[in-house]
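The values are calculated or read from the model by the stated rules, or taken from the named source; none is laboratory data. The model shown is predicted, which means the values in this text are computed figures rather than measured ones. Positions of Cβ are generated from backbone atoms using ideal geometry, with glycine treated the same way; all protein chains shown enter the neighbour counts.
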Amino acid sequence: MKHRVRILPEAEDDLYEIYRYVAIEDSPDGAAAARVAGVPVVVTRSFYFGDAPLENALAVGPGLHTRRGWNPAPRDADRDAAAPGTAQA
């Protein structure tokens, strides 16, 4: 399977500042494509690729719905209450 890197129009003008962007991926191929493009990757584990090895990610976690289970852990992951308007797992 081949992946193509799609660069959003708002990113085309400042490719030299690519680190202003981050790719959120769940698959090894998607993460690899982002790394090839020089875009940092955050991995959210999915049903389909839950055990797949994914390397060189900024962070790996169970999903954007929770602050628990991330590696590295969010700085304030030990707080007891979720922030207003967010779901707590």
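So V36 fits all but one of (1) within 20 Å of R6 (Cα to Cα); (2) at pLDDT below 85; (3) not hydroxyl-bearing (S, T, Y); what number is the exception?
(2)
Kindly indicate whether R68 is at pLDDT 85 or above and in a loop (DSSP other than H, G, I, E, B).
yes
Do we find that G63 is at pLDDT 85 or above, on the phi > 0 side of the Ramachandran plot and in a loop (DSSP other than H, G, I, E, B) in this structure?
Taking the combined requirement at face value, the residue satisfies it.
Go through region 23-48 and report how many residues are buried (at least 16 other Cβ atoms within 10 Å of the Cβ) and either of a type in the set (K, R) or assigned to a helix (DSSP H, G or I) (or both).
Selection size over region 23-48: 7.
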